[in-house]
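What follows is a set of notes on a single structure, which appears directly below.
The values are calculated or read from the model by the stated rules, or taken from the named source; none is laboratory data. A quick note: this is a predicted structure, and the numbers were derived from the prediction, not measured. A quick note on method: Cβ atoms are made from the backbone with ideal geometry, for glycine too, and the neighbour counts reach across all protein chains shown. With ligands, DNA and RNA removed, areas are computed over all heavy atoms of the protein, side chains included. Shrake-Rupley method; radii C 1.70, N 1.55, O 1.52, S 1.80 Å.
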Amino acid sequence: MPWWIWLLVGVDASVAAYAAFLIWLAVVGRRDAARAFATFIPDCIVLVTRLARDPRVPRRRKLLLVGLAGYLALPFDLVPDFIPVAGQLDDAVVVALVLRSFVRSGGEALVRELWPGPAHSLGLILRLALTRR
């Protein structure tokens, strides 16, 4: 079989697992958690976009954010995306490292201000960035 069929199978399996997890959260009565989990990736995209456009962010940090967006847009990764979970995990690690660098350089207040999602999702972002409170 061609490689692109395996890619489609991997993407389909990842989407199905993601949807099943969201449905399970909703069924067990954790609708807020399901909503937060469903909007986490879009919230991260909005955060990176807002940070890249904010005039208070230094140019070096903006270049780091633009580089992150470019890396995520590349069709190839360190671990191919058709491998379920591990394929997306390398992207999450790169995002966490960039946000860690940003937060540790004094940008935690700005991240808090520009975060569009729920507060507990913001807490996850800050824990991933390994900030000390």
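When the range 57-89 is filtered for residues that are modelled with pLDDT under 85 and within 15 Å of CYS44 (Cβ to Cβ), the ones remaining, listed by number, are LEU68, ALA69, TYR71, LEU72, ALA73, GLN88, LEU89. A Cβ distance below 7 Å, combined with a sequence gap of six or more or placement on separate chains, defines the contacts here; from the range 88-110, residues that are more than 12 Å from LEU126 (Cα to Cα) reach residues that are hydroxyl-bearing (Ser, Thr, Tyr) in the pairs GLN88/SER14; VAL94/TYR71.
The residue that is modelled with the highest pLDDT, among those in the range 113-133 that are part of a helix (DSSP H, G or I) and open to solvent by 40 Å² or more (accessible area, probe 1.4 Å), is GLU113.
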